[in-house]
Amino acid sequence: MAAGGLAEAREGDVARAPADASAARLCLPPIIVRTEADAVAKFRRETGAPAIEGLVPLTFPFCWLTLPAIRPMIREMIGGDDVLPVHEAQSFSYERSLEIDSDYVFAVELRREANPPRLNLDAAISTPQGEICGRLETVLRLVPIASGSAP
């Protein structure tokens, strides 16, 4: 998956998941994200990540999956409120460090697997000029939630 430059990425872009998400693949439009100093500092405090002057923790881009242009599509691909996404695996790889108070382009691809039920999230992070900074991969196992309540 290649991330494009600013001409292809627009802040607030939203994609729609396919009607049948059971065996779907969805490439979201690249969006512009920012490593704001306050957000990075809050992330460090909440996760215990060490402070390295001027650099962003390697796991910080995971926060971008909660953005309004991305999170609803993840929710739809998961299958709604009757499915519990359980974190199964995650990896980050970098070609260059992310810097504080910098803009990046974040491109996400979602793939739903049927057996076993999983949602794979692959993302590429690049500079506005198109240079790849890193990639993240997350695998969520999709567990059905029982419709009745336990005694």
Review point. Per-residue HN-Hα couplings for the stretch 124-132, Karplus 6.51 cos²θ - 1.76 cosθ + 1.60 at θ = phi - 60°, whole Hz, x for Gly and Pro?
Key: 10, 10, 9, 6, x, 8, x, 7, 5
Exercise for review: Determine the gain in length on full extension of the stretch Leu67-Glu99; use 0.36 nm per residue of separation and subtract their C-alpha separation, reporting nm with one decimal.
Suggested key: 9.6 nm
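Bear in mind that the values in this text are calculations on the coordinates, not laboratory data. This is a predicted model, so every value here is computed, not measured.
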